[in-house]
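Participant: Below you will find the structure I want to go over with you.
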Amino acid sequence: MKHSWENAKFDFRGIPTHCSNCGSKNIRYTSNAEIYNGKQYGNGYCYLCDDCKASVGVHDTKSKIPLGRFATKEMKLLKMKCHAKFDPLWKKYNFKRKDCYGWLASKLGLMMRETHFGWLDIEYLNKSLEILENIDFKDVWEYVKNKESDK
């Protein structure tokens, strides 16, 4: 079954033509050493907005598909905070990663395929962090259990 993206709030599957943060078209594909004081991380490349300085890494240098939306320093800090609360769900407590994203999507009112911290705007990053700071493991377990019974 092919899923439709027409109702998605967030969709960053294509090559960017403008900054998703400020709307500027003054963006370029460059070495991420430019934003990390001369050091390259990951595959070494990103898109950078010359107006607001937001950036986004890429999956690989061949496709140049972005990992998500352009993010400011504030958004990058929020993403790290979200991951610090979210990742233990599947790394430490043995929930499946996919189930954790499904649970979070249900709490945010988003589709699971668009629920990735790299895709969320500042509003949804803050909502995610609030949810994760007040996490109820029973709630996650109920989501997983109900998902399993739907099969």
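Participant: Looking only at segment 113-124, decide whether some residue is modelled with pLDDT under 95, out of contact with any strand residue (DSSP E or B) (no Cβ under 7 Å at 6 or more places or on another chain) and not in a loop (DSSP other than H, G, I, E, B).
Facilitator: So far as segment 113-124 goes, yes, one or more of its residues are modelled with pLDDT under 95, out of contact with any strand residue (DSSP E or B) (no Cβ under 7 Å at 6 or more places or on another chain) and not in a loop (DSSP other than H, G, I, E, B).
Participant: Give segment 62-112 a look and list any residue that's exposed (fewer than 15 other Cβ atoms within 10 Å of the Cβ), assigned to a helix (DSSP H, G or I) and in contact (Cβ under 8 Å) with a residue 24 or more places away in the chain, or say none.
Facilitator: If the condition is that a residue be exposed (fewer than 15 other Cβ atoms within 10 Å of the Cβ), assigned to a helix (DSSP H, G or I) and in contact (Cβ under 8 Å) with a residue 24 or more places away in the chain, then Glu74, His83 are the ones that fit.
Participant: Somewhere in segment 28-35, is a residue out of contact with any strand residue (DSSP E or B) (no Cβ under 9 Å at 6 or more places or on another chain), more than 23 Å from Glu123 (Cα to Cα), surrounded by fewer than 19 Cβ atoms within 10 Å (Cβ to Cβ) and free of Cβ contacts under 8 Å to residues at least 40 places away in the same chain?
Facilitator: Within segment 28-35, one or more residues are out of contact with any strand residue (DSSP E or B) (no Cβ under 9 Å at 6 or more places or on another chain), more than 23 Å from Glu123 (Cα to Cα), surrounded by fewer than 19 Cβ atoms within 10 Å (Cβ to Cβ) and free of Cβ contacts under 8 Å to residues at least 40 places away in the same chain.
Participant: Check Arg28 against each of (1) modelled with pLDDT under 95; (2) assigned to a strand (DSSP E or B) and name the one condition it does not meet.
Facilitator: With (1) modelled with pLDDT under 95; (2) assigned to a strand (DSSP E or B) applied to Arg28, the lone miss is (1).
Participant: Kindly check whether there is at least one residue in segment 131-151 that is assigned to a helix (DSSP H, G or I), small (Gly, Ala, Ser), free of Cβ contacts under 8 Å to residues at least 24 places away in the same chain and loosely packed, with under 15 Cβ neighbours inside 10 Å.
Facilitator: yes
The values are calculated or read from the model by the stated rules, or taken from the named source; none is laboratory data. Just so it is clear, the model here is predicted, and its values are computed rather than measured. Backbone-built Cβ (ideal geometry, glycine too); neighbour counts: all protein chains shown.
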